[in-house]
1. Among the residues of the stretch 376-403, count how many are in contact (Cβ under 8 Å) with a residue 24 or more places away in the chain, part of a helix (DSSP H, G or I) and more than 27 Å from residue 240 (Cβ to Cβ).
2. Do the conditions hold for residue 291, that is, is it touching a Leu at 6+ places or on another chain (Cβ under 8 Å) and surrounded by fewer than 18 Cβ atoms within 10 Å (Cβ to Cβ)?
3. Taking residue 201 as the residue in question, decide whether it is more than 31 Å from the chain's Cα centre (by Cα), assigned to a helix (DSSP H, G or I) and either of a type in the set (Val, Ile, Thr) or closer than 15 Å to residue 191 by Cα (or both).
4. Go through the stretch 157-167 and give me each residue that's under 19 Å from residue 123 (Cβ atoms) and either of a type in the set (Ser, Thr, Tyr) or surrounded by fewer than 17 Cβ atoms within 10 Å (Cβ to Cβ) (or both).
5. With the checklist (1) outside any loop (DSSP other than H, G, I, E, B); (2) surrounded by fewer than 19 Cβ atoms within 10 Å (Cβ to Cβ) in hand, flag the one item residue 345 doesn't pass.
6. Among the candidates 276, 300, which residue alone is hydroxyl-bearing (Ser, Thr, Tyr), modelled with pLDDT of 95 or more and not assigned by TED's automatic domain parsing to the domain that holds residue 94?
7. For the stretch 160-182: of the residues being out of contact with any helix residue (DSSP H, G or I) (no Cβ under 6 Å at 6 or more places or on another chain) and assigned to a helix (DSSP H, G or I), which is farthest from residue 206 (Cα to Cα)?
8. Does the stretch 345-368 contain at least one residue that is touching a Ser or Thr at 6+ places or on another chain (Cβ under 8 Å), under 30 Å from residue 291 (Cα atoms) and outside the structural domain of residue 240 (by TED's automatic domain parsing)?
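The values are calculated or read from the model by the stated rules, or taken from the named source; none is laboratory data. None of the values given here were measured: they were computed from a predicted structure. Positions of Cβ are backbone-derived with ideal geometry, glycine not excepted, and every protein chain shown enters the neighbour counts.
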Amino acid sequence: MAKDNSPSNPADEGPPSRRRLYVLLGVLAVVAGFAAVWWTYRYWPATLPAIPEIDLTQTDAEVADAIRTAREAVVKSPREIEPWARLAMVLHAHKFVEPAMICYTAAAALDDENPVWPYLHATLLHEGAKPVEALALFESAGRLAPRDSPMPRLRHGELLLELGRFDDAERVFARVLADDKHDVHARLGLAQTALSRSQYEAALTHLTAIMHQEPVRKRTTALRAAVLEQLGKHEDALFERSRYGDLPDDPPRADLTDQLAELRVGLPGRLVRAKSLIGQSRIADAVALMEDTVKRYPKSDQAWIALAATKEAKGDFAAAEKAIDKSIELAPERADHRFRFGKLLQKQKRFSDAAATFRLAIARSPADADAYHRLGECLMAMGDRTGAADAFQQALRIQPNMPEPRKELEKLQKTN
């Protein structure tokens with residue numbers, strides 16, 4: 001019988017340690033193959049939309065420069081998240097809605113675990129003509145956001161409530177409240193949902209739990225008045241309505257969109273920055289900014305009225321008056337500029353001039369309760385009690401829950 005001289009397989013004939021080595025190498029090769037497939041799936045460059053072309057022919061020069069600069073950064077580095085994100089936010093800040101949404105889509109593709117991009121994209125859709133399209137993006141942002149950052153889930157719930165999807169809204173608000181039992185906005189959402197279903201006792205329970213919480217105190221009071229009225233508790237409802245008039249407005253809720261204000265340039269951006277500088281007591285910087293602004297935008301009544309505000313904050317009332325005069329010259333039918341002028345004159349105790357100015361404001365805006373209230377104060381200071389009472393009463397006819405003219409009338413009645 002012929003001998004078989006074919007070469008043997010080392011894995012078959014070698015020692016056991018060598019066979020184990022070959023098996024281990026085979027397993028590692030399979031694992032490496034799976035890892036390569038996973039890495040390719042996870043990190044393969046995302047398919048990105050085309051960089052949008054943006055028509056800037058009718059755009060403020062400062063705004064156009066900011067957009068061009070941001071777009072050029074994307075052209076230079078189209079696979080990086082930061083340029084896309086900045087371009088999206090610059091466009092969003094200046095109301096270039098369609099190209100901003102394209103850029104948010106690209107940002108989300110490049111940074112798909114970050115809730116910011118679907119959230120900001122959703123806010124654009126919510127503000128537009130088809131808010132229902134924002135639902136999926138709010139939901140996506142809510143899944144990505146950490147549990148201690150409830151804003152995307154709150155906005156999702158509020159949109160569901162707005163669209164009449166009460167069961168879905170309730171589930172979303174309930175999940176937020178389960179994460180944080182002290183979240184007043186989630187509790188308010190549950191109250192509004194119950195009220196929309198005519199579940200008045202449930203709504204009242206939620207509202208009572210947060211009625212003294214500053215972020216929602218005024219809204220809660222208004223809703224409590226409506227609920228108590230529905231429950232037949234008319235005296236309690238009346239008390240809530242009277243309390244509503246004495247409460248300050250609820251503070252604005254912090255939101256991711258707040259950071260967009262820092263990106264605004266051009267006239268709107270300058271107005272926002274000037275207001276912020278005044279709030280920081282950086283009056284000299286605010287004055288310098290607005291003096292430069294009126295040079296750049298000499299025909300803008302808004303620029304001149306903002307300059308007046310900075311001059312008033314500085315205590316330069318004469319310069320403030322000149323700036324307001326210019327704003328009125330540019331926009332003579334605007335009641336708010338005359339109202340602002342009246343307040344400045346009243347502040348200087350020039351009550352007769354202020355009263356005449358408030359009357360001019362009322363002539364242009366007859367439903368302005370604040371102007372009637374201010375007119376009443378000036379007439380009181382001038383000793384015209386009858387005229388003051390008439391002005392206060394007119395303010396209350398326009399805005400029955402307004403506390404200031406009501407208190408002034410009570411003072412008049414006590415001194416008669």
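1. So the count comes out to 7.
2. Working: touching a Leu at 6+ places or on another chain (Cβ under 8 Å): yes; surrounded by fewer than 18 Cβ atoms within 10 Å (Cβ to Cβ): yes.
So residue 291 passes the test.
3. Yes: the conditions hold for residue 201.
4. Passing the criteria: 162, 163.
5. It is condition (2) that residue 345 fails.
6. 300
7. Ranking the qualifying residues of the stretch 160-182, first place goes to 162.
8. Looking through the stretch 345-368, at least one residue is touching a Ser or Thr at 6+ places or on another chain (Cβ under 8 Å), under 30 Å from residue 291 (Cα atoms) and outside the structural domain of residue 240 (by TED's automatic domain parsing).
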